[in-house]
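Rule-based calculations on the coordinates, nothing more; no lab input. None of the values given here were measured: they were computed from a predicted structure. So basically every Cβ, Gly included, is an ideal-geometry build from the backbone, and we count neighbours across all protein chains shown.
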Ligand code: ADP
Ligand code: MG
Ligand code: MG
């Protein structure tokens, strides 16, 4: 599904951050990326999603066999790549439900499809809000306005499940994730992966990986993947930190 070959990227006109990343993600797999602060984890997520603060200087990102480096972020989204906090904006007067409906229909339009029939949309909202234990009044709130950390997380995972991308990239940067928020993310990812979708889960927290069992754990340090293992690597990192890998 995703194949990254020798990816080098820098901040526009600035320092090189990614220094030769190789990564392959197959359908149904969950890959966790861990690593010290400043390693380039969020940069990797942004570069795959196509954020224009960064410039790819070498290498390729193949999504379903095609190099997407020249694609705009919205084209990548239409192809099936979702990134968390792609839509972090507060929009007064636009509800959680209406926002996601518009995003789904925009996605369909880009593929030459008609709007999703209202009945089908309603069923989809019902199915996913029940899975995430989302209440009706939450669905009617203005997007992100006054959302707590847990509510933002719930909305983000709801967006992921509603859009049903092929690849979801979740960057768990928030150090304030409480146990409820961790569970929301974990439940969402576990239900989502069953459909053959892939997840790139960036996290500082070993604890999240107690609820989501990754197929692979990668350590990113100084712009390179310096170690890959299975979920036992996450436990080892929890125990020993990163220093033993950095020499
Ligand atoms: P991580 O997510 O692993 O903590 P980041 O990808 O956020 O690391 O950052 C990697 C390095 O790149 C850091 O030194 C950070 O300061 C720098 N960096 C990332 N994005 C920018 C940017 N837009 N402007 C300036 N520096 C940046
Ligand atoms: Mg950081
Ligand atoms: Mg980060």
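Using DSSP, restrict attention to beta bridges with both residues in the chain and report what percent are antiparallel, rounded to the nearest 5. Once the DSSP bridges in the chain are tallied, antiparallel ones form about 60 percent. Listed from fewest to most Cβ neighbours within 10 Å, the set 136, 154, 108 follows the order 136, 108, 154. Rounded to the nearest 10 degrees, the inclination of helix 149-163 to the longest alpha-carbon principal axis of the chain is 80 degrees. Counting beta carbons within 10 Å around each of 148, 42, 84 and listing the fewest first gives the order 148, 42, 84. When the chain is treated as a Gaussian network with alpha carbon springs shorter than 10 Å, the biggest mean-square fluctuation among 74, 60, 120 belongs to 120. Over the Cα atoms of segment 108-247, each weighted equally, I'd like the Debye log10 I(q)/I(0) at q = 0.20 Å⁻¹, rounded to two decimals. For segment 108-247, the Cα-only Debye profile gives -1.26. When only Cα pairs below 8 angstrom with a gap of at least 6 residues are kept, segment 2-245 shows a relative contact order of 28 percent. Arranged from fewest to most other beta-carbon atoms within 10 Å of their beta carbon, 121, 161 become 121, 161. The convex hull of the Cα atoms of segment 95-155, projected and averaged over all directions, covers 4.3 nm². Report summary: the helix-based calculation at 222 nm, which adds -39500 (n - 2.57) for every DSSP H run with n ≥ 4 and divides by the residues of the chain, gives -11000 deg cm²/dmol. If one takes the longest principal axis of the Cα atoms in the chain, at what angle in degrees, from 0 to 90 and to the nearest 10, does the Cα axis of helix 179-193 lie? So the inclination is approximately 90 degrees. Here, segment 53-130 is characterised by an Rg to Rh ratio of 1.04, where Rg is the alpha-carbon radius of gyration and Rh the Kirkwood radius. Axis angle, to the nearest 10 degrees, between helix 96-110 and the longest C-alpha principal axis of the chain: 70 degrees.
Calculation over all alpha carbon pairs of the chain in 10 angstrom steps from 0 returns a P(r) of 7, 31, 36, 21, 5, 0 percent.
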